[in-house]
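Trainee: Before we start, here is the structure in question, set down as structure tokens.
The numbers here are math on the coordinates, done by the rules we state, and not lab data. This one's a predicted model, so the numbers in the text were calculated from it and none came from an experiment. No Cβ is skipped: glycine too gets one built from the backbone with ideal geometry, and neighbour counts run over all protein chains shown.
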Amino acid sequence: MTPITEVEGRRVTLSNLEKVLYPETGFTKGELVHYYATTAGVMLPHLRDRAVSLLRYPDGPGGQVFFTKNVPPGTPDWVTTAEVPRSSPDGPARMVVVNDLASLVWAANLVAEFHTHQWPVQAPDEADRLVFDLDPGAPATVVEACEAALWLRERLAADGIEAYAKTAGSKGLHLLAAVRGASSRDTSAYAKALAVEAERALPGLVVHRMTRSLRPGKVFVDWSQNAAGKTTAAPYTLRARAAPMVSTPVTWEEVEGCRSPAALEFLADDIGPRLREHGDLMAGLLDGERASRLP
């Protein structure tokens, strides 16, 4: 029998809670739903009023993995949705917006990573996030990504922009900053300029182009996720990896002290203790008073 639970007055259908999604650790779908429910206090503010792309893996990371961008069939009518502009000839898309605990639990039952745009649905023409995805090419690891992150942090600070770091939940690092008064085109141009500057300053470490042949042993500073149509893994989302890795906010002391990839690998069970110790390390992104204008 498929269980139905009530979440904040909404009836949410859950299914296959005993299914093992991560065979490496035995982590089940029920544990995944529990993780999102118990992390909602810090995760929801980063999802609120942002259309989500859901990278789904209903049979675990070893099964079929696919993006769901349009509102999926069977979505309850109480789940918020929004019309989102896109450049394709099909016109705008209608996407899910996860604004409350019931919607988060419903989406978690689909087994998904949560990815968001860098702008809220109320103002698609105004970006309020700047993002860099630091992706190391083997044999480089997150250790080298941390070196690049520290350079970018200082460079952003020189322009009056405060950066926050989180693990990608795979092998790299994400830097985010709150901005205002800019379009996605503006943030993309600024991020590309800094990526080019980083490559010039750190030629043995950084590359700003996606060309695969340039990337071994270097950190690709991906500035392109600032484009209006792109989405980035949200803070605290689980990732479709061999183990239940989480895209986890980290302190700059942790970035500075990183000497091995294991130092910045966090599983679902690690997040509760980290939140008790640090709170939400990316809470500053939500404070409009701390948003900066691009130079």
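Trainee: Evaluate the charge dipole of the chain about its Cα centre and quote only its size in Debye, nearest 20, assuming +1 on the Cβ of each Lys and Arg and -1 on the Cβ of each Asp and Glu. Spell out each step's value before the answer.
Mentor: On the way: 31 positive and 36 negative charges, 149 e Å.
The calculated dipole for the chain is roughly 720 debye.
Trainee: Under a Cβ-only charge scheme (Lys and Arg +1, Asp and Glu -1), can you give me the dipole magnitude of region 4-116 about the Cα centre, in debye to the nearest 20?
Mentor: Working: 10 positive and 12 negative charges, 40 e Å.
Magnitude of the dipole: close to 200 debye.
Trainee: Taking the number of other C-beta atoms within 10 Å as the exposure measure, put W151, W252 in order starting with the fewest. Mind showing how you got there, number by number?
Mentor: Values: W151 18, W252 15.
If I rank by nearby Cβ atoms, fewest first, I get W252, W151.
Trainee: DSSP beta bridges in region 4-116, what fraction antiparallel, as a percent rounded to 5? Write down the numbers at each step before the final one.
Mentor: Values: 20 of 20 bridges.
Antiparallel bridges make up about 100 percent of those DSSP assigns within region 4-116.
Trainee: Still on this structure: Would you mind ranking I271, I4 so that the residue whose beta carbon has the fewest other beta carbons within 10 Å leads the list? Walk me through the numbers before you get to the answer.
Mentor: Values: I271 20, I4 9.
Fewest to most other Cβ atoms nearby, the residues stand as I4, I271.
Trainee: Normalise the Debye intensity by I(0) for the chain, one equal point scatterer per Cα, no solvent, then take log10 at q = 0.08, 0.12, 0.14 Å⁻¹ and round to two decimals.
Mentor: With one equal scatterer per Cα and no solvent, log10 I(q)/I(0) is -0.33, -0.77, -1.06.
Trainee: Below 30 Å, Cα to Cα, which lysines can K218 reach? Residues fewer than 8 away in the same chain don't count.
Mentor: Within the straight-line cut-off, K218 pairs with K166, K171, K192, K230.
Trainee: Among D59, D222, D125, what is the fewest-to-most ranking by other Cβ atoms within 10 Å? Before the final figure, lay out the partial values.
Mentor: Numbers: D59 15, D222 21, D125 10.
Ordered from fewest to most neighbouring Cβ atoms within 10 Å, D59, D222, D125 come out as D125, D59, D222.
Trainee: Continuing with this model, one more query. Kindly provide the GluC sites (Glu not before Pro) of region 3-34 that DSSP labels as loop, not H, G, I, E or B, and whose Cβ sees at most 12 other Cβ atoms within 10 Å. Please report the intermediate quantities before stating the final value.
Mentor: Values: sites: E6, E8, E18, E24, E31; in loops: E8, E18, E24.
Answer by residue number: E8, E18.
Trainee: Once the Cα gyration tensor of region 127-290 is found, what semi-axes does its equivalent ellipsoid get, as square roots of 5 times the eigenvalues, in whole Å, sorted largest first?
Mentor: On the way: eigenvalues 100, 82, 42 Å².
Ellipsoid half-lengths, sorted descending, are 22, 20, 14 Å.
Trainee: Okay, helix-only estimate at 222 nm for the chain: each DSSP H run of n ≥ 4 adds -39500 (n - 2.57), divide by all residues, round to 500 deg cm²/dmol; what do you get? Intermediate values should be presented prior to the final figure.
Mentor: Numbers: 6 runs with 79 residues, N = 295.
Value at 222 nm, helices only: -8500 deg cm²/dmol.
Trainee: Positive end of the dipole of region 21-138, charges at C-beta (+1 Lys, Arg; -1 Asp, Glu), about the Cα centre: which of A37, V79, M95 has its Cα farthest in that direction?
Mentor: V79
Trainee: Treating the beta-carbon of each Lys and Arg as +1 and of each Asp and Glu as -1, no other charges, what is the dipole magnitude of region 127-290 about its Cα centre, to the nearest 20 debye? List each step's numbers first, then the result.
Mentor: Numbers: 20 positive and 22 negative charges, 135 e Å.
Rounded to the nearest 20 debye, it is 640 debye.
Trainee: Restricting to DSSP loop positions (anything but H, G, I, E, B) with no more than 15 other Cβ atoms inside 10 Å of their own Cβ, which trypsin sites (Lys or Arg not before Pro) remain in region 53-128?
Mentor: Filter output for region 53-128: R86.
Trainee: Choose one of A107, G9, F67: the residue whose Cα lies farthest towards the positive end of the charge dipole of the chain (beta-carbon charges +1 Lys, Arg; -1 Asp, Glu; about the Cα centre).
Mentor: Of A107, G9, F67, it is F67.
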